[in-house]
1. From (1) of a type in the set (S, T, N, Q); (2) assigned to a helix (DSSP H, G or I); (3) out of contact with any helix residue (DSSP H, G or I) (no Cβ under 8 Å at 6 or more places or on another chain), pick out the condition that doesn't hold for Thr253.
2. If we scan segment 162-173, do we find a residue that is surrounded by 19 or more Cβ atoms within 10 Å (Cβ to Cβ), at pLDDT below 90 and of a type outside the set (Ser, Thr, Tyr)?
3. Every residue in segment 188-198 that is under 9 Å from Thr213 (Cβ atoms) and touching a residue at least 40 places away in the same chain (Cβ under 8 Å), please.
4. Hey, can you tell me all the residues within segment 134-157 that are over 13 Å from Lys263 (Cβ atoms) and either crowded, with 17+ Cβ neighbours inside 10 Å or at pLDDT below 90 (or both)?
5. Of the residues Gly99, Gly94, which single one is out of contact with any Leu (no Cβ under 9 Å at 6 or more places or on another chain), at pLDDT 85 or above and surrounded by 15 or more Cβ atoms within 10 Å (Cβ to Cβ)?
6. When the residues of segment 203-225 are narrowed to those that are part of a strand (DSSP E or B) and among the hydrophobic types (A, V, I, L, M, F, W, C), which ends up nearest to the chain's Cα centre (by Cα)?
7. Would it be correct to say that Leu77 is in contact with a helix residue (DSSP H, G or I) (Cβ under 7 Å, 6 or more places away or on another chain), of a type in the set (A, V, I, L, M, F, W, C) and either outside the structural domain of Glu25 (by TED's automatic domain parsing) or not in a loop (DSSP other than H, G, I, E, B) (or both)?
Amino acid sequence: MNLISLDIRMLRSLLTVVETGSITEAARRLGRTQPAITLQVQRLEELTGRTLLSHDNRRIKPTEHGLVVLSYAQSILRLHDELLSRMSSQGIEGNVILGTPDLYAAYMLPPILSIFRKAFPRIQVELRCVLSTPLVSLVKRGEVDIALVTRMNDFTGGLVVHQEPLVWLTAIDSDVHHETPVPLALLPDGNLYRDHAIASLETAGRRWRLACTSESISGLQAAVLAGMAVTVLGRSTLIPGLRELPPSPEFPTLPSVDLLLYKASGAVKPAARALHDYLQHYLGLRGDAAGAALRPALHLAAESAEAG
């Protein structure tokens, strides 16, 4: 067995697949694609020379050999994440106001903020959930220290720290996407998610109508779960009860959107710099290899932070 090629991503993928019982859910939690998770598990099986996972009633479970590897993986990952936390400074303190739309607050930031809280226990983070356009104004006026937003066409400045794929979502047992005109649940006018959804349908010649407008992602999800509508959201919001519609002539492939990280010009205090650096690092600034490699570390590190 060639242990030289063994890396943290393989162990992280295996652990999360076993925890969730699903490649799809593991990919959502780790912020990666399903093929990437499958490949990591396959590489680990090749290195160990053993089958590590089996399918039982549509749920993935570890084999006998998988349980052995899993026990070691849990120990290795716990020590790995503890080391990353211990390397951070414990002496910085202060208050930081972080603004972001509720989509990112609910589906991207919790694991990062959990790690940050353990690494910097004396920093108080105030989270404000606001739509992207007003947030950019708030951070430029210094009313918010840091903002993570969706890049709109007229935005200037900010750092691109992540690209979020947009997808068509409907309820698992719903056929509402076959209706004409197709009912949509969308964010308010002026939002890029909404613009891409409408532009895509009109380019495809598909008639549509508004069934729900909500500033809250949970409002859109509720409408879709009720079988009232189809929506367009980031793939990270795919929760149980929803399914992603495959690309088709009626529902064409949607683009990815850029996530921008802003810091107020007056946010020079160490606490603000520390949070900004954490977000930049873990969301993968400029898509660099280091950021991509560290993103899978978030899930277990968040559990470790909560336990601590």
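1. All conditions are met except number (2).
2. yes
3. Pro188
4. Thr150, Arg151, Met152, Asn153, Asp154, Phe155, Thr156
5. Gly94
6. Cys212
7. Details: in contact with a helix residue (DSSP H, G or I) (Cβ under 7 Å, 6 or more places away or on another chain): yes; of a type in the set (A, V, I, L, M, F, W, C): yes; either outside the structural domain of Glu25 (by TED's automatic domain parsing) or not in a loop (DSSP other than H, G, I, E, B) (or both): yes.
When the stated conditions are applied, Leu77 passes them.
Here's the yes/no breakdown for (1) in a helix (DSSP H, G or I); (2) under 16 Å from the mean Cα position of the chain (by Cα); (3) at pLDDT below 90; (4) surrounded by fewer than 18 Cβ atoms within 10 Å (Cβ to Cβ):
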position	(1), (2), (3), (4)
Glu19	yes, no, yes, yes
Thr24	yes, yes, yes, yes
Arg32	no, yes, yes, no
Pro35	yes, no, no, yes
Leu39	yes, no, no, yes
Leu44	yes, no, no, no
Lys61	no, no, yes, yes
His65	yes, no, no, yes
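The values are calculated or read from the model by the stated rules, or taken from the named source; none is laboratory data. What you see is a predicted model, and the numbers here were worked out from it, not measured in a lab. Note: ideal-geometry Cβ built from the backbone for every residue, glycine included; neighbour counts use all protein chains shown.
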